[in-house]
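No lab work stands behind these numbers, since they all come straight from the coordinates. None of the values given here were measured: they were computed from a predicted structure. Cβ: placed from backbone, ideal geometry, glycine included. Neighbour counts: every protein chain shown.
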Amino acid sequence: MTWHLQNRAVDAVFERLGVDGTFQGQGCKVLFSRDEDEGIDFGGASRPVGRSSLLKVRVSEVTPIQGGTFEVDGQSHKVIARPMIKDRARLVWTCQVQPG
């Protein structure tokens, strides 16, 4: 699939499933995944230390940073780890967030 087609597909997903939000005051569409346990690995045994969620935004809209804050539906979500671009076409930021 060409980059142009991938970009159109990503845009369609965000337009259909994304919710309106902001990052540091800049508007964007946001996709959330459900909460997951955040853990620390102790030599193969992971211990939960808290809850976090994954939030995805388009590279074309914002450039999130660790410590930055998203506002979605009146709630704040702080980026707690370095945002990563995991998709092959490099179109989507994935951010680990916690309420706050």
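Neighbours of residue 6, meaning other residues whose beta-carbon lies under 9 angstrom from its beta-carbon, give a summed charge of +1 when Lys and Arg score +1 and Asp and Glu score -1. If the chain linking residue 22 and residue 84 were pulled fully straight, counting 0.36 nm for each residue of separation and taking away their Cα-Cα distance, it would gain 20.5 nm. Residue exposure proxy: 77, 4, ordered by other Cβ atoms within 10 angstrom of their Cβ from fewest to most, comes out as 4, 77. Database remark: amide H of residue 80 closer than 5 angstrom to the amide H of 67, 96, 97, 98 (H placed geometrically; neighbours at sequence offset of 5 or more, or on other chains; Pro and chain starts carry no H).
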